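The values are calculated or read from the model by the stated rules, or taken from the named source; none is laboratory data. No experiment lies behind these values; they were computed from the predicted model shown. A quick note on method: Cβ atoms are made from the backbone with ideal geometry, for glycine too, and the neighbour counts reach across all protein chains shown.
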Amino acid sequence: MTHSLSQPGGAQLTGAETLVASLAAHKVDTVFGIPGTHNLEIYRHLAGSKIRHVTTRHEQGAGYAADGYARTSGRPGVALVTTGPALLNITAALAQAYSDSVPVLAVSPGMPLRHPQRGTGLLHEMRDQRAALANIVRYSHRVSSHAELTEAVAQIFADFAAERPRPVHLEIPLDLLAESAPVSIAPPLRIARRRADEAQIVRAATMLNGAQRPGILAGGGARGAAAQVIAIAELLHCGVLTTANGKGVMPENHPLSLGAAAHLPAAGEWLAERDVLLAVGTEMAPSDFWHEPPAPRGEVIRIDLDPTQLLINARPALPICGDATAALEDLLPLLKAADGITVEVAASGVQAKIRAEARAEGARWTAWMDALAGALPKRALVLADNAMAGYYGALGNLPVHEPGAFGFPTGFGTLGYALPAAIGAKVARPRRPVVALCGDGGLMFSCQEIATAAAEGVALPIVVFVNGGYGEIRAEMRAASIDPIGVDLPVPDLIALATALGGAGFAVRTPDELRSLVKASLEHPGPTLLVVEEEAP
């Protein structure tokens, strides 16, 4: 980053004022965080701003909430923590945001500008806080002046807009927060994403027009291009399979939707049989397929904003670097409409196979997912934890109908995500129904955030499937002939816990009860924990 050291003629502002004014200039309306000794000057000026502050009960919760806010709003999420242990507490959430390409800005103070490198034992002192975060996020930037601070904010938001979105850490020396200096607030930079090469688009059209069995694989990078994905699929009469992060790019009630269960055998067979596969905004990662990525026998056209991603996991016949929306917009008028079978029957055979496999795999949860689908409006937002009910149940069996409507911590695979992320989603989209799905093991990572939801008064059903601990790891231990240890846990009185933290709680015995309680919870001004007792696996 380049920066100037001073800006004569600007207003006299403290570093904290500079930060808050810079965030406001970039239309930040919400910050998730926790006050601490070293960031109090920021709170002095947040109080007089129009930026809403949501106090979570743990810094990791602030990070997940900022992630959920970003995934569901399309705007960067912002988290504010203090130095040392607080910053370390948020790192799991930032690593998850990095894995899933989510734009999150984590702001923290750092040691004073002239603090000795070897340290003095100051409160919250770390050997090198910036370096620690630099190995987790896209980059960690420590500023050294007021001018650099406002320019850094503008550069970070420009990066979010222009590049593959990933989390960034901004460190402000704590003495800079209280010191005044003349500074002019940097306005937002108008940035256009890179556009694909025209000749490559023409070649892609030629390949797709000549295909007998085309198909589309859409990842999280296609969320902004949903309309174009649908239009191309309907024009070519080809099925659309998505990754977990791409779930909803194609509405899952569409006749060409193959859903998000890319790991299922029928999905793998379909991919292998495509003579031309258009892969849009996807890593094609092992975590998407739960094993090594499939090797399509046909040609792959790969569109990705990140040039470093184009050759990873699957080497394409045609790599195209550029913004997915613009690339597909350029591609559409060059494509020829398919002849023969109608859209309604083009993918019906494989669609039925994939759905049957998804229901068989998630048999323990399908009745519950059907009940949820019956309770939730089509525009509902679902935030799921890395729980068995999430990846066996909801991923393949709970339909969503628009991009960004399903948040799931894939790749890095953290636990404790669903509840705080759902809070962030509800803050971002207060008029949209939001539900969190988790297991009892994952809930205990972030159950304190029930108090956050209660304090904010957000209507939030939290559906927890109880299997007495860490069910997936228990199953893996048994599969590996290991006597289960550390996975069978006594379950607390979750209803009493929810009540103590300011929410409501109900035991759920049948799918019909779940349907009615979810509907009621969407109208209740606060969090409602709905406890589903699973049969022992």
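Taking the conditions (1) buried (at least 20 other Cβ atoms within 10 Å of the Cβ); (2) out of contact with any helix residue (DSSP H, G or I) (no Cβ under 8 Å at 6 or more places or on another chain) in turn, residue 495 satisfies each one other than (1). Name the single residue that is surrounded by the fewest Cβ atoms within 10 Å (Cβ to Cβ) among those in the range 1-14 being modelled with pLDDT under 95 and of a type in the set (S, T, N, Q). Looking at the filtered set, the residue picked out is 2.
Could you tell me which residue of the range 202-228 is nearest to the chain's Cα centre (by Cα), considering only residues that are buried (at least 24 other Cβ atoms within 10 Å of the Cβ) and under 14 Å from residue 343 (Cα atoms)? The qualifying residue nearest to the chain's Cα centre (by Cα) is 215.
The condition (being at pLDDT 95 or above and closer than 22 Å to residue 429 by Cβ) is satisfied by just one residue among 102, 20, 107, 81: 102. Tallying residues that are in a loop (DSSP other than H, G, I, E, B) and either crowded, with 24+ Cβ neighbours inside 10 Å or in the same structural domain as residue 392 (by TED's automatic domain parsing) (or both) within the range 239-251 yields 8.
Would you confirm whether or not the range 412-425 contains a residue that is in a loop (DSSP other than H, G, I, E, B) and among the polar types (S, T, N, Q)? Within the range 412-425, one or more residues are in a loop (DSSP other than H, G, I, E, B) and among the polar types (S, T, N, Q).
Here residue 266 qualifies as under 22 Å from residue 393 (Cα atoms) and small (Gly, Ala, Ser).
When you look at residue 373, is it without any contact (Cβ under 8 Å) to a residue 40 or more places away in the chain and within 23 Å of the chain's Cα centre (by Cα), yes or no? Yes.
Results for (1) under 16 Å from residue 200 (Cα atoms); (2) surrounded by fewer than 18 Cβ atoms within 10 Å (Cβ to Cβ), shown as yes or no for each residue.
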residue: 269; (1), (2): no, yes
residue: 274; (1), (2): no, no
residue: 280; (1), (2): yes, no
residue: 289; (1), (2): no, no
residue: 304; (1), (2): yes, no
residue: 312; (1), (2): no, yes
residue: 317; (1), (2): yes, yes
residue: 325; (1), (2): yes, no
residue: 330; (1), (2): yes, no
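Rundown of residues vs (1) touching a residue at least 24 places away in the same chain (Cβ under 8 Å); (2) closer than 27 Å to residue 502 by Cα; (3) in the same structural domain as residue 454 (by TED's automatic domain parsing), yes/no style:
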site: 39; (1), (2), (3): yes, no, no
site: 45; (1), (2), (3): yes, no, no
site: 55; (1), (2), (3): yes, yes, no
site: 61; (1), (2), (3): yes, yes, no
site: 68; (1), (2), (3): yes, yes, no
site: 100; (1), (2), (3): yes, no, no
site: 135; (1), (2), (3): no, no, no
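Filtering the range 431-486 to residues that are among the charged types (D, E, K, R), assigned to a helix (DSSP H, G or I) and in contact (Cβ under 8 Å) with a residue 40 or more places away in the chain leaves 440, 449, 456, 472, 474.
For the range 298-354, the tally of residues that are assigned to a loop (DSSP other than H, G, I, E, B), free of Cβ contacts under 8 Å to residues at least 60 places away in the same chain and either in contact with a helix residue (DSSP H, G or I) (Cβ under 9 Å, 6 or more places away or on another chain) or among the polar types (S, T, N, Q) (or both) stands at 1.
Kindly check whether there is at least one residue in the range 171-179 that is surrounded by 15 or more Cβ atoms within 10 Å (Cβ to Cβ), of a type outside the set (Val, Ile, Thr) and under 19 Å from residue 94 (Cα atoms). The answer is yes, given that some residue of the range 171-179 is surrounded by 15 or more Cβ atoms within 10 Å (Cβ to Cβ), of a type outside the set (Val, Ile, Thr) and under 19 Å from residue 94 (Cα atoms). Selection of the range 492-512 for residues being touching a strand residue (DSSP E or B) at 6+ places or on another chain (Cβ under 8 Å) and assigned to a helix (DSSP H, G or I) yields 494, 495, 496, 497, 498, 499.
Hey, among 285, 295, which residue is closer than 27 Å to residue 394 by Cβ, among the hydrophobic types (A, V, I, L, M, F, W, C) and either in contact (Cβ under 8 Å) with a residue 40 or more places away in the chain or out of contact with any strand residue (DSSP E or B) (no Cβ under 6 Å at 6 or more places or on another chain) (or both)?
Numbers: 295 fails: closer than 27 Å to residue 394 by Cβ.
Going through 285, 295 in turn, just one is closer than 27 Å to residue 394 by Cβ, among the hydrophobic types (A, V, I, L, M, F, W, C) and either in contact (Cβ under 8 Å) with a residue 40 or more places away in the chain or out of contact with any strand residue (DSSP E or B) (no Cβ under 6 Å at 6 or more places or on another chain) (or both): 285.
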